[in-house]
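Chemist: Right, I'll just put the structure down here and ask away after.
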Amino acid sequence: MDKRNGYRRHSGAGKVIAAVLLILVLLCGAAWFVLFRINQFSLSVQLLGDKETTQEYGRPYQDPGVVVSMRGSLFWKKGFRPKHAKLKVTGKVDENHLGKYTLSYTASMLHWHGSTQRSVQVVDTQCPVITLEEDIQGQTHPGGKYQEPGYKAWDNCDGDITDRVVRKEERGKITYAVVDSSGNPATAEREIPYYDPQPPVISLEGGETYAITVGTFYEDPGYHAMDDVDGDLTGQVTVEGEVNWLQPGVYPVVYTVSDAYQNVATVTRNVEVVAQPRPEKTWPQEKTIYLTFDDGPGPYTKQLLDVLDAYGVKATFFVTDSGYDSVMKEIVNRGHSIGIHTVSHKYDEIYASPEAYFADLLGMQDIIYRNTGVKTTLMRFPGGSSNLVSRKSCEGIMTVLSEAVQDAGFQYFDWNVDSDDAGRARKAEEVFDNVVEGVSKGRVSAVLQHDIHGYSVEAVEKILKWGQENGYTFRPLEQNSPGFHHGINN
Ligand code: ZN
(Lines give C-alpha, C1' and ligand atoms only; values in the text may rest on other atoms or scores of the structure.)
Protein backbone atom coordinates (compact mmCIF):
# COMPACT_ATOMS: atom_id res chain seq x y z
CA MET A 1 0.00 0.00 0.00
CA ASP A 2 2.70 2.55 1.10
CA LYS A 3 4.78 1.50 -1.68
CA ARG A 4 2.09 2.43 -4.02
CA ASN A 5 1.57 5.84 -2.34
CA GLY A 6 5.28 6.60 -2.29
CA TYR A 7 5.43 5.81 -5.87
CA ARG A 8 2.55 8.02 -6.64
CA ARG A 9 4.18 10.99 -4.84
CA HIS A 10 7.39 10.41 -6.57
CA SER A 11 5.75 10.24 -9.92
CA GLY A 12 4.01 13.66 -9.51
CA ALA A 13 7.29 15.55 -8.88
CA GLY A 14 8.97 13.77 -11.73
CA LYS A 15 6.43 15.10 -14.17
CA VAL A 16 7.18 18.64 -13.12
CA ILE A 17 10.91 18.12 -13.43
CA ALA A 18 10.50 16.54 -16.80
CA ALA A 19 8.39 19.46 -17.97
CA VAL A 20 10.91 21.98 -16.70
CA LEU A 21 13.74 20.12 -18.34
CA LEU A 22 11.84 19.99 -21.58
CA ILE A 23 11.18 23.70 -21.46
CA LEU A 24 14.86 24.34 -20.70
CA VAL A 25 15.92 22.20 -23.60
CA LEU A 26 13.52 23.99 -25.91
CA LEU A 27 14.66 27.39 -24.71
CA CYS A 28 18.31 26.47 -25.15
CA GLY A 29 17.56 25.17 -28.63
CA ALA A 30 15.70 28.33 -29.56
CA ALA A 31 18.43 30.54 -28.12
CA TRP A 32 21.11 28.62 -29.94
CA PHE A 33 19.13 28.82 -33.17
CA VAL A 34 18.71 32.55 -32.87
CA LEU A 35 22.38 33.13 -32.02
CA PHE A 36 23.49 30.88 -34.85
CA ARG A 37 21.38 32.84 -37.29
CA ILE A 38 22.50 36.19 -36.04
CA ASN A 39 26.07 35.05 -36.36
CA GLN A 40 25.42 34.33 -40.01
CA PHE A 41 24.46 37.95 -40.72
CA SER A 42 26.87 39.90 -42.91
CA LEU A 43 27.59 43.50 -43.59
CA SER A 44 27.66 44.22 -47.33
CA VAL A 45 29.03 47.26 -49.14
CA GLN A 46 27.50 47.77 -52.58
CA LEU A 47 28.84 50.23 -55.14
CA LEU A 48 26.62 52.85 -56.64
CA GLY A 49 27.83 53.39 -60.18
CA ASP A 50 30.31 51.15 -62.02
CA LYS A 51 33.06 49.04 -60.56
CA GLU A 52 35.42 50.23 -63.28
CA THR A 53 34.95 53.74 -64.48
CA THR A 54 36.77 56.47 -66.37
CA GLN A 55 37.24 60.05 -65.39
CA GLU A 56 38.10 62.86 -67.78
CA TYR A 57 41.41 64.50 -67.03
CA GLY A 58 41.19 67.80 -65.17
CA ARG A 59 37.53 67.52 -64.15
CA PRO A 60 36.72 67.10 -60.42
CA TYR A 61 35.96 63.49 -59.50
CA GLN A 62 32.69 62.85 -57.75
CA ASP A 63 32.30 59.45 -56.25
CA PRO A 64 28.80 57.99 -56.69
CA GLY A 65 29.11 56.36 -53.23
CA VAL A 66 28.09 52.99 -51.75
CA VAL A 67 25.20 51.44 -49.88
CA VAL A 68 25.93 49.53 -46.64
CA SER A 69 23.42 46.90 -45.64
CA MET A 70 23.06 44.08 -43.15
CA ARG A 71 21.87 40.81 -44.52
CA GLY A 72 20.90 37.49 -43.11
CA SER A 73 20.17 34.18 -44.65
CA LEU A 74 16.70 33.64 -43.12
CA PHE A 75 15.34 36.93 -41.89
CA TRP A 76 15.72 40.24 -43.68
CA LYS A 77 16.49 38.69 -46.97
CA LYS A 78 16.45 42.15 -48.39
CA GLY A 79 18.61 43.29 -45.52
CA PHE A 80 18.42 46.60 -43.69
CA ARG A 81 20.59 49.63 -43.50
CA PRO A 82 22.21 49.94 -40.13
CA LYS A 83 22.38 53.52 -38.99
CA HIS A 84 25.43 53.08 -36.88
CA ALA A 85 27.69 51.25 -39.32
CA LYS A 86 31.02 53.01 -39.87
CA LEU A 87 32.23 53.52 -43.44
CA LYS A 88 35.83 54.20 -44.30
CA VAL A 89 37.08 55.09 -47.81
CA THR A 90 40.75 54.70 -48.63
CA GLY A 91 42.45 55.76 -51.86
CA LYS A 92 42.11 58.95 -53.87
CA VAL A 93 41.54 59.88 -57.48
CA ASP A 94 44.00 62.47 -58.79
CA GLU A 95 42.16 64.09 -61.67
CA ASN A 96 45.28 65.94 -62.71
CA HIS A 97 47.34 62.86 -63.41
CA LEU A 98 46.54 60.22 -65.96
CA GLY A 99 46.44 56.74 -64.49
CA LYS A 100 44.45 54.06 -62.72
CA TYR A 101 43.26 54.68 -59.18
CA THR A 102 41.65 52.25 -56.68
CA LEU A 103 39.13 53.31 -54.05
CA SER A 104 38.47 50.90 -51.15
CA TYR A 105 35.26 51.13 -49.08
CA THR A 106 35.22 49.36 -45.70
CA ALA A 107 32.16 49.25 -43.41
CA SER A 108 32.16 47.95 -39.84
CA MET A 109 29.55 47.54 -37.07
CA LEU A 110 30.02 45.53 -33.92
CA HIS A 111 31.92 42.52 -35.09
CA TRP A 112 30.63 42.62 -38.66
CA HIS A 113 32.78 43.94 -41.53
CA GLY A 114 32.27 44.40 -45.24
CA SER A 115 34.30 45.93 -48.07
CA THR A 116 34.49 46.56 -51.83
CA GLN A 117 36.65 48.38 -54.35
CA ARG A 118 36.23 50.61 -57.37
CA SER A 119 38.84 51.42 -60.02
CA VAL A 120 38.86 54.82 -61.66
CA GLN A 121 40.90 55.50 -64.80
CA VAL A 122 41.78 59.13 -65.40
CA VAL A 123 41.86 59.59 -69.19
CA ASP A 124 42.36 62.38 -71.70
CA THR A 125 39.93 62.27 -74.60
CA GLN A 126 40.01 65.95 -75.38
CA CYS A 127 41.67 67.09 -78.59
CA PRO A 128 44.28 69.82 -78.51
CA VAL A 129 43.42 73.20 -79.98
CA ILE A 130 45.46 74.93 -82.69
CA THR A 131 45.09 78.68 -82.89
CA LEU A 132 46.38 80.66 -85.85
CA GLU A 133 47.62 84.19 -85.67
CA GLU A 134 46.03 86.72 -87.99
CA ASP A 135 47.64 87.12 -91.38
CA ILE A 136 50.20 89.83 -91.61
CA GLN A 137 48.45 92.70 -93.33
CA GLY A 138 49.33 93.35 -96.96
CA GLN A 139 51.45 90.25 -97.30
CA THR A 140 51.64 89.19 -100.92
CA HIS A 141 53.77 86.46 -102.32
CA PRO A 142 56.98 88.25 -103.12
CA GLY A 143 58.41 85.37 -105.12
CA GLY A 144 60.06 84.07 -102.01
CA LYS A 145 58.70 82.29 -98.96
CA TYR A 146 55.36 83.12 -97.44
CA GLN A 147 55.94 84.66 -93.99
CA GLU A 148 54.24 82.55 -91.33
CA PRO A 149 52.18 84.81 -89.04
CA GLY A 150 52.43 82.30 -86.18
CA TYR A 151 50.41 79.58 -84.51
CA LYS A 152 49.99 77.82 -81.16
CA ALA A 153 48.86 74.41 -80.07
CA TRP A 154 47.46 73.90 -76.58
CA ASP A 155 46.34 70.68 -74.97
CA ASN A 156 44.35 70.39 -71.74
CA CYS A 157 46.67 67.63 -70.58
CA ASP A 158 50.04 68.26 -72.27
CA GLY A 159 49.88 72.03 -72.15
CA ASP A 160 51.78 73.88 -74.89
CA ILE A 161 52.54 71.47 -77.70
CA THR A 162 53.30 74.06 -80.38
CA ASP A 163 56.68 72.45 -81.03
CA ARG A 164 54.94 69.21 -81.99
CA VAL A 165 52.92 70.83 -84.79
CA VAL A 166 53.67 69.50 -88.27
CA ARG A 167 53.34 72.37 -90.74
CA LYS A 168 52.99 71.76 -94.47
CA GLU A 169 52.94 74.42 -97.16
CA GLU A 170 51.13 73.36 -100.30
CA ARG A 171 49.75 75.14 -103.31
CA GLY A 172 47.87 78.08 -101.90
CA LYS A 173 47.42 76.72 -98.37
CA ILE A 174 49.17 75.68 -95.20
CA THR A 175 48.04 72.78 -93.06
CA TYR A 176 48.92 72.35 -89.38
CA ALA A 177 48.54 69.03 -87.55
CA VAL A 178 49.30 67.92 -84.01
CA VAL A 179 48.59 64.92 -81.78
CA ASP A 180 48.60 64.98 -77.98
CA SER A 181 50.28 62.33 -75.84
CA SER A 182 46.99 60.42 -75.58
CA GLY A 183 46.69 60.30 -79.38
CA ASN A 184 44.00 62.96 -79.75
CA PRO A 185 44.52 64.82 -83.05
CA ALA A 186 43.91 68.38 -84.14
CA THR A 187 44.29 70.10 -87.51
CA ALA A 188 44.02 73.61 -88.82
CA GLU A 189 44.34 75.15 -92.26
CA ARG A 190 45.07 78.56 -93.65
CA GLU A 191 44.91 79.95 -97.16
CA ILE A 192 48.05 81.63 -98.38
CA PRO A 193 46.81 85.06 -99.29
CA TYR A 194 49.36 85.91 -101.94
CA TYR A 195 48.26 87.40 -105.18
CA ASP A 196 49.72 86.52 -108.56
CA PRO A 197 47.47 87.62 -111.39
CA GLN A 198 50.11 87.14 -114.09
CA PRO A 199 50.26 83.80 -115.89
CA PRO A 200 53.66 82.48 -116.97
CA VAL A 201 54.97 83.28 -120.43
CA ILE A 202 56.02 80.50 -122.78
CA SER A 203 58.44 81.42 -125.51
CA LEU A 204 59.12 79.07 -128.38
CA GLU A 205 62.48 78.78 -130.02
CA GLY A 206 61.94 78.43 -133.74
CA GLY A 207 58.67 80.35 -133.50
CA GLU A 208 55.01 79.47 -133.47
CA THR A 209 55.11 78.31 -137.05
CA TYR A 210 57.83 75.88 -137.87
CA ALA A 211 58.43 73.95 -141.05
CA ILE A 212 60.25 70.72 -141.78
CA THR A 213 60.35 68.65 -144.94
CA VAL A 214 58.90 65.18 -145.11
CA GLY A 215 61.47 62.65 -144.04
CA THR A 216 63.14 64.94 -141.54
CA PHE A 217 62.77 63.63 -138.02
CA TYR A 218 60.91 66.21 -135.97
CA GLU A 219 62.70 67.36 -132.87
CA ASP A 220 61.29 70.06 -130.67
CA PRO A 221 63.30 73.23 -131.38
CA GLY A 222 63.06 74.19 -127.69
CA TYR A 223 61.01 76.41 -125.38
CA HIS A 224 61.15 78.41 -122.16
CA ALA A 225 58.54 79.26 -119.53
CA MET A 226 59.01 82.17 -117.11
CA ASP A 227 56.70 83.42 -114.39
CA ASP A 228 56.93 86.81 -112.70
CA VAL A 229 56.53 85.20 -109.28
CA ASP A 230 57.65 81.59 -109.60
CA GLY A 231 60.58 82.15 -111.93
CA ASP A 232 61.73 79.56 -114.47
CA LEU A 233 58.99 76.98 -115.04
CA THR A 234 60.47 75.40 -118.19
CA GLY A 235 60.77 72.03 -116.48
CA GLN A 236 57.04 71.95 -115.76
CA VAL A 237 55.86 72.57 -119.30
CA THR A 238 53.82 69.75 -120.83
CA VAL A 239 54.05 69.27 -124.56
CA GLU A 240 51.24 67.57 -126.44
CA GLY A 241 50.78 66.79 -130.11
CA GLU A 242 52.27 64.38 -132.59
CA VAL A 243 54.09 65.46 -135.71
CA ASN A 244 53.88 62.94 -138.51
CA TRP A 245 57.12 63.65 -140.31
CA LEU A 246 56.16 61.22 -143.08
CA GLN A 247 52.94 62.93 -144.08
CA PRO A 248 52.61 66.50 -145.38
CA GLY A 249 50.35 68.60 -143.19
CA VAL A 250 50.15 71.08 -140.33
CA TYR A 251 50.51 69.54 -136.87
CA PRO A 252 49.70 71.60 -133.76
CA VAL A 253 51.99 71.07 -130.80
CA VAL A 254 50.53 72.51 -127.59
CA TYR A 255 52.70 73.73 -124.72
CA THR A 256 51.02 74.21 -121.34
CA VAL A 257 52.30 75.35 -117.96
CA SER A 258 50.70 76.73 -114.81
CA ASP A 259 52.22 78.76 -111.99
CA ALA A 260 51.72 78.11 -108.27
CA TYR A 261 48.70 80.41 -108.31
CA GLN A 262 47.12 78.15 -110.94
CA ASN A 263 47.43 80.67 -113.75
CA VAL A 264 47.66 78.63 -116.93
CA ALA A 265 49.60 79.57 -120.04
CA THR A 266 49.16 77.77 -123.36
CA VAL A 267 51.01 78.28 -126.59
CA THR A 268 50.60 76.35 -129.81
CA ARG A 269 53.31 75.74 -132.32
CA ASN A 270 52.10 74.77 -135.77
CA VAL A 271 54.59 72.43 -137.30
CA GLU A 272 54.21 72.24 -141.03
CA VAL A 273 55.53 69.12 -142.64
CA VAL A 274 56.25 70.20 -146.18
CA ALA A 275 56.47 67.94 -149.21
CA GLN A 276 59.24 68.63 -151.68
CA PRO A 277 57.95 69.27 -155.19
CA ARG A 278 58.24 66.22 -157.40
CA PRO A 279 60.18 66.61 -160.65
CA GLU A 280 58.18 66.32 -163.82
CA LYS A 281 59.00 63.05 -165.56
CA THR A 282 59.90 63.11 -169.21
CA TRP A 283 59.92 60.03 -171.40
CA PRO A 284 62.74 59.74 -173.90
CA GLN A 285 61.82 60.14 -177.56
CA GLU A 286 63.98 57.36 -178.99
CA LYS A 287 64.28 53.65 -178.18
CA THR A 288 66.03 53.73 -174.80
CA ILE A 289 67.61 51.28 -172.40
CA TYR A 290 68.48 52.27 -168.83
CA LEU A 291 70.98 49.75 -167.53
CA THR A 292 70.87 49.64 -163.75
CA PHE A 293 73.18 47.73 -161.40
CA ASP A 294 72.29 47.02 -157.78
CA ASP A 295 74.08 45.85 -154.63
CA GLY A 296 77.61 46.92 -155.68
CA PRO A 297 80.18 48.17 -155.95
CA GLY A 298 81.95 44.82 -155.98
CA PRO A 299 84.95 43.02 -157.44
CA TYR A 300 83.53 43.14 -160.99
CA THR A 301 82.44 46.76 -161.02
CA LYS A 302 85.70 48.15 -162.35
CA GLN A 303 85.65 45.70 -165.23
CA LEU A 304 82.09 46.75 -165.92
CA LEU A 305 83.07 50.43 -165.93
CA ASP A 306 85.73 49.67 -168.54
CA VAL A 307 83.25 47.89 -170.81
CA LEU A 308 80.76 50.74 -170.50
CA ASP A 309 83.53 53.21 -171.32
CA ALA A 310 84.52 51.17 -174.37
CA TYR A 311 80.99 51.52 -175.74
CA GLY A 312 80.56 55.12 -174.55
CA VAL A 313 77.56 54.12 -172.47
CA LYS A 314 76.43 55.63 -169.17
CA ALA A 315 74.52 53.44 -166.71
CA THR A 316 73.07 53.76 -163.19
CA PHE A 317 74.43 52.17 -160.02
CA PHE A 318 72.25 51.74 -156.92
CA VAL A 319 74.97 51.18 -154.39
CA THR A 320 75.38 49.69 -150.94
CA ASP A 321 77.97 50.20 -148.25
CA SER A 322 79.99 47.30 -149.62
CA GLY A 323 83.43 48.61 -148.78
CA TYR A 324 84.46 49.51 -152.37
CA ASP A 325 84.63 53.20 -151.64
CA SER A 326 87.15 54.08 -154.34
CA VAL A 327 85.07 52.24 -156.95
CA MET A 328 82.06 54.25 -155.82
CA LYS A 329 84.04 57.38 -156.60
CA GLU A 330 85.11 55.89 -159.92
CA ILE A 331 81.45 55.38 -160.90
CA VAL A 332 80.82 59.09 -160.46
CA ASN A 333 84.11 60.14 -162.04
CA ARG A 334 83.30 58.19 -165.17
CA GLY A 335 80.00 60.03 -165.54
CA HIS A 336 77.51 57.39 -164.46
CA SER A 337 74.50 58.02 -162.30
CA ILE A 338 74.78 56.95 -158.73
CA GLY A 339 71.75 56.17 -156.56
CA ILE A 340 71.02 54.99 -153.04
CA HIS A 341 70.21 51.34 -152.52
CA THR A 342 70.83 50.64 -148.83
CA VAL A 343 73.54 50.51 -146.19
CA SER A 344 72.86 47.04 -144.86
CA HIS A 345 70.45 45.41 -147.34
CA LYS A 346 68.91 43.57 -144.37
CA TYR A 347 65.20 43.54 -145.11
CA ASP A 348 64.07 42.85 -141.57
CA GLU A 349 66.07 45.78 -140.25
CA ILE A 350 65.42 48.47 -142.84
CA TYR A 351 61.73 47.65 -143.20
CA ALA A 352 61.13 47.39 -139.44
CA SER A 353 59.70 50.92 -139.37
CA PRO A 354 59.66 54.14 -141.42
CA GLU A 355 62.19 55.53 -138.94
CA ALA A 356 64.51 52.59 -139.56
CA TYR A 357 64.11 52.91 -143.32
CA PHE A 358 64.84 56.63 -143.38
CA ALA A 359 67.82 56.17 -141.11
CA ASP A 360 69.22 53.66 -143.59
CA LEU A 361 68.31 55.81 -146.62
CA LEU A 362 69.85 59.00 -145.24
CA GLY A 363 72.83 57.05 -143.95
CA MET A 364 73.58 55.72 -147.44
CA GLN A 365 73.04 59.13 -148.98
CA ASP A 366 75.66 60.42 -146.59
CA ILE A 367 78.14 57.63 -147.36
CA ILE A 368 77.82 58.32 -151.09
CA TYR A 369 78.24 62.02 -150.48
CA ARG A 370 81.39 61.46 -148.44
CA ASN A 371 82.89 59.14 -151.07
CA THR A 372 81.88 61.00 -154.21
CA GLY A 373 80.82 64.54 -153.32
CA VAL A 374 77.42 63.84 -154.91
CA LYS A 375 74.30 64.23 -152.78
CA THR A 376 72.09 61.96 -154.83
CA THR A 377 68.32 61.79 -154.54
CA LEU A 378 68.01 58.80 -156.88
CA MET A 379 67.17 55.59 -155.06
CA ARG A 380 65.92 52.06 -155.38
CA PHE A 381 64.13 50.16 -152.61
CA PRO A 382 65.80 46.85 -151.75
CA GLY A 383 63.50 44.27 -153.34
CA GLY A 384 61.80 47.03 -155.36
CA SER A 385 58.73 49.00 -154.28
CA SER A 386 56.60 45.92 -155.03
CA ASN A 387 58.43 43.72 -152.53
CA LEU A 388 56.42 41.49 -150.23
CA VAL A 389 59.25 40.66 -147.88
CA SER A 390 58.73 43.91 -145.93
CA ARG A 391 55.30 42.71 -144.85
CA LYS A 392 56.99 40.38 -142.39
CA SER A 393 58.58 43.35 -140.63
CA CYS A 394 56.00 46.07 -140.99
CA GLU A 395 52.54 45.81 -142.48
CA GLY A 396 51.83 48.55 -145.05
CA ILE A 397 55.26 50.13 -144.90
CA MET A 398 55.80 50.27 -148.67
CA THR A 399 52.52 52.19 -149.09
CA VAL A 400 53.85 54.79 -146.67
CA LEU A 401 57.45 54.84 -147.88
CA SER A 402 56.69 55.00 -151.61
CA GLU A 403 54.95 58.35 -151.06
CA ALA A 404 57.12 59.60 -148.21
CA VAL A 405 60.44 59.23 -150.05
CA GLN A 406 59.06 61.28 -152.95
CA ASP A 407 57.70 63.94 -150.57
CA ALA A 408 61.14 63.96 -148.98
CA GLY A 409 62.68 64.82 -152.35
CA PHE A 410 63.85 61.40 -153.48
CA GLN A 411 63.07 59.70 -156.78
CA TYR A 412 62.72 55.97 -156.59
CA PHE A 413 63.19 53.69 -159.54
CA ASP A 414 61.97 50.16 -160.14
CA TRP A 415 62.52 48.26 -163.40
CA ASN A 416 60.55 46.70 -166.23
CA VAL A 417 63.16 44.18 -167.42
CA ASP A 418 64.58 41.66 -164.98
CA SER A 419 67.78 39.92 -166.05
CA ASP A 420 67.03 37.35 -163.37
CA ASP A 421 70.72 37.40 -162.44
CA ALA A 422 69.73 37.14 -158.79
CA GLY A 423 67.37 34.29 -159.62
CA ARG A 424 67.71 31.40 -162.03
CA ALA A 425 70.09 32.97 -164.57
CA ARG A 426 73.60 31.90 -163.57
CA LYS A 427 75.41 32.27 -166.89
CA ALA A 428 76.20 35.34 -169.01
CA GLU A 429 74.30 33.76 -171.88
CA GLU A 430 71.14 33.40 -169.79
CA VAL A 431 71.41 36.97 -168.51
CA PHE A 432 71.82 38.24 -172.08
CA ASP A 433 68.86 36.24 -173.32
CA ASN A 434 66.61 37.51 -170.52
CA VAL A 435 67.62 41.13 -171.13
CA VAL A 436 67.14 40.96 -174.90
CA GLU A 437 63.81 39.23 -174.51
CA GLY A 438 62.62 41.84 -172.03
CA VAL A 439 63.91 44.85 -173.86
CA SER A 440 62.35 43.68 -177.12
CA LYS A 441 58.88 43.97 -175.59
CA GLY A 442 58.90 47.77 -175.22
CA ARG A 443 60.42 50.98 -176.48
CA VAL A 444 61.84 52.20 -173.15
CA SER A 445 63.39 49.75 -170.73
CA ALA A 446 64.93 49.83 -167.28
CA VAL A 447 67.02 46.70 -166.87
CA LEU A 448 67.80 45.21 -163.47
CA GLN A 449 71.22 43.63 -163.04
CA HIS A 450 73.60 43.09 -160.10
CA ASP A 451 77.26 43.99 -160.61
CA ILE A 452 78.25 41.73 -157.73
CA HIS A 453 77.79 38.73 -160.05
CA GLY A 454 80.64 38.06 -162.51
CA TYR A 455 78.37 36.31 -165.03
CA SER A 456 76.04 39.28 -165.09
CA VAL A 457 78.86 41.77 -165.68
CA GLU A 458 80.18 39.43 -168.37
CA ALA A 459 76.88 39.69 -170.25
CA VAL A 460 77.00 43.45 -170.49
CA GLU A 461 79.30 43.76 -173.50
CA LYS A 462 77.00 41.56 -175.57
CA ILE A 463 73.97 43.53 -174.40
CA LEU A 464 75.62 46.82 -175.40
CA LYS A 465 76.57 45.47 -178.81
CA TRP A 466 73.12 44.06 -179.42
CA GLY A 467 71.43 47.25 -178.24
CA GLN A 468 73.49 49.56 -180.39
CA GLU A 469 73.07 47.30 -183.41
CA ASN A 470 69.32 47.35 -182.88
CA GLY A 471 68.97 51.11 -182.64
CA TYR A 472 68.73 51.59 -178.87
CA THR A 473 70.23 54.41 -176.92
CA PHE A 474 71.65 53.64 -173.47
CA ARG A 475 71.05 56.35 -170.88
CA PRO A 476 71.71 56.90 -167.17
CA LEU A 477 68.72 57.58 -164.92
CA GLU A 478 68.20 61.17 -163.86
CA GLN A 479 65.80 62.97 -161.55
CA ASN A 480 63.21 63.46 -164.27
CA SER A 481 63.57 59.99 -165.79
CA PRO A 482 60.51 57.75 -165.61
CA GLY A 483 60.38 55.75 -162.38
CA PHE A 484 59.17 52.41 -163.81
CA HIS A 485 57.16 52.12 -160.61
CA HIS A 486 55.78 48.73 -159.70
CA GLY A 487 52.46 48.22 -158.05
CA ILE A 488 52.70 48.40 -154.25
CA ASN A 489 51.96 45.08 -152.55
CA ASN A 490 52.46 46.01 -148.92
ZN1 ZN B 1 69.36 44.77 -153.86
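Chemist: Restrict the search to region 260-326; then list the GluC sites (Glu not before Pro) that DSSP places in a loop and that have at most 10 other Cβ atoms within 10 Å of their Cβ.
Modeler: E280, E286
Chemist: When the Debye formula is applied to the Cα atoms of the chain, each taken as the same point scatterer, what base-10 log of I(q)/I(0) results at q = 0.11 Å⁻¹?
Modeler: -0.99
Chemist: Per-residue accessible area for R443 at 1.4 Å probe radius, Å² rounded to 10?
Modeler: Probe radius 1.4 Å; accessible area of R443 about 110 Å².
Chemist: Sort the following peptides by mean Cβ neighbour count (other Cβ atoms within 10 Å, averaged over residues), highest first: 184-191, 460-467, 384-391.
Modeler: Ranked from most to least packed, the peptides come out as 460-467, 384-391, 184-191.
Chemist: What 222 nm value per residue comes from the helices of the chain, counting each DSSP H run with n ≥ 4 as -39,500 (n - 2.57) and dividing by all residues, nearest 500 deg cm²/dmol?
Modeler: Calculated mean residue ellipticity at 222 nm is -7500 deg cm²/dmol.
Chemist: Could you quote the convex hull projected area for region 201-274, Cα atoms only and averaged over all directions, in nm²?
Modeler: Averaging across all directions leaves 4.4 nm² for the Cα convex hull.
Chemist: Ranked from the most accessible area to the least, with a 1.4 Å probe and all protein chains present, what is the order of S42, S181, S353?
Modeler: Most to least solvent-accessible, the answer reads S181, S42, S353.
Chemist: A further question follows. Would you tell me the accessible area of F33, worked out with a 1.4 angstrom probe on the heavy atoms of the protein chains, in Å² to the nearest 10?
Modeler: Here the accessible area works out near 90 Å².
Chemist: Relative contact order, percent, of region 83-128 when contacts are C-alpha pairs under 8 Å separated by at least 6 residues?
Modeler: 36
Chemist: Using a 1.4 angstrom probe on the protein heavy atoms only, could you order W245, W415 from most to least accessible area?
Modeler: W415, W245
Chemist: For region 42-123, what is Rg from Cα atoms divided by 2.2 N^0.38 Å, rounded to two decimals?
Modeler: Ratio of Cα Rg to 2.2 N^0.38 Å: 1.25.
Chemist: Something else now. For V253, V400, what's the largest-to-smallest order of accessible area, 1.4 Å probe?
Modeler: In descending accessible area the options line up as V400, V253.
Chemist: Under the definition of Cα pairs under 8 Å and six or more residues apart, what whole-number percent is the relative contact order of the chain?
Modeler: Worked out over the chain, it gives 11 percent.
Chemist: Rounded, prolate or oblate: which one fits region 337-423, using the alpha carbon gyration tensor with axes a ≥ b ≥ c (rounded when a/c is under 1.5, else prolate when a/b beats b/c, else oblate)?
Modeler: Since a/c reaches 1.5 but b/c is at least a/b, the shape of region 337-423 is classed as oblate.
Chemist: Scan around D295 for amide H atoms under 5 Å from its own, H built in the peptide plane at 1.01 Å from N, and keep only partners 5 or more places away or cross-chain.
Modeler: Residues meeting the criterion, in which the H sits 1.01 Å from N, are F318, T320.
Chemist: With the other protein chains left in place, how much accessible area per residue, in square angstrom, belongs to region 17-125 at a 1.4 angstrom probe?
Modeler: I get 70 Å² per residue for region 17-125.
Chemist: With an 8 Å Cα cut-off and a minimum separation of 6 or more residues, compute the relative contact order for region 201-274 in percent.
Modeler: This gives 36 percent for region 201-274.
Chemist: Turning to a different aspect of this structure: Pop out the ³J(HN,Hα) list for region 420-436 in order, Karplus 6.51 cos²θ - 1.76 cosθ + 1.60 with θ = phi - 60°, rounded to Hz; leave Gly and Pro as x.
Modeler: Using θ = phi - 60°, the values come out as 6, 6, 9, x, 7, 6, 10, 10, 3, 4, 5, 4, 4, 4, 4, 5, 4 Hz.
Chemist: Based on Cβ point charges of +1 for Lys and Arg and -1 for Asp and Glu, what charge dipole magnitude is obtained for the chain about its Cα centre, in debye rounded to the nearest 20?
Modeler: 6820
Chemist: A further question follows. Report the charge-dipole magnitude of region 226-301 in Debye, nearest 20, computed about the Cα centre from +1 at each Lys and Arg Cβ and -1 at each Asp and Glu Cβ.
Modeler: Dipole of region 226-301, to the nearest 20 debye: 640 debye.
The values are calculated or read from the model by the stated rules, or taken from the named source; none is laboratory data. Please read these numbers as outputs of a predicted model, since none were measured by experiment. Counting neighbours? That spans all protein chains shown, and the Cβs are built from the backbone with ideal geometry, glycine included. Areas reflect the complete protein model, heavy atoms only, side chains present, ligands, DNA and RNA absent. Shrake-Rupley method; radii C 1.70, N 1.55, O 1.52, S 1.80 Å.
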